[in-house]
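Peer 1: Below you'll find the structure I mean.
Derivation of every value follows stated rules applied to the coordinates shown; laboratory data play no part. Nothing here was measured: the structure is a model prediction, and the numbers come from that model. Cβ sites come from the backbone with ideal geometry, for glycine too, and all protein chains shown count toward neighbours.
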Amino acid sequence: MNQAVSSHFMKEALSLAHMAFEQDEVPIGALIVDANGVIIGRGFNHVETSKSQLAHAELIAIAQASATRNDWRLEGCTIYVTIEPCSMCFSAIQLSRMAAVVYGAHSPRFGYQLDKIAMGGVYKKDIKTYSGLFADEAQGLVKQFFKKQRKLGECKITGLEKDQTGIDDAASGTRRTA
Ligand SMILES: [Zn+2]
């Protein structure tokens, strides 16, 4: 793993994921660090509360970082996110011209790597990605979340299509048909 990758920041991202957990949201946290190692944006998944697919942790962190900088260009910045970003967020990260993405656990169902989308010419292509940092913690939190939801019997979250990460599927070993 690259030297620039910091466990400290991923721990911070995990604490943001815990905040999502407390609000009955799929626990995913993200933060953005500038080239000087200053945190300029934080976010945690808020899709259910906001009733919006735009409320992914990464997009919230990007909005905050852009406001902090008063610029949409986040050159030299690194985003730490507990779970592999989806293709929407990964594209937003590229468009924001960030230097690197550090994520914890893979998202077998919705991770951007699944899509391998052909990026247009305006997208930053040399973005570096690192994975696996605190993956067990990030994954464990998501598993714990879905376990809790099942116990509560709240169909709002436990609907089969609701586990956007795919982690819970892998955990339970159940097969689902699309
Ligand atoms: Zn996303």
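Peer 1: Which residues' amide hydrogens lie under 5 Å from the amide hydrogen of GLY41, considering only partners 5 or more residues apart or on another chain, with H built in the peptide plane?
Peer 2: Excluding prolines and chain starts, which carry no amide H, the hits are ILE32.
Peer 1: Near SER66, within a Cβ-to-Cβ distance under 14 Å, what is the net charge of the other residues, with Lys and Arg +1 and Asp and Glu -1? Intermediate results must be reported in sequence, preceding the final value.
Peer 2: Details: positive: ARG42, ARG69, ARG73, ARG97; negative: ASP34, GLU58, ASP71, GLU75.
With Lys, Arg at +1 and Asp, Glu at -1, the net is 0.
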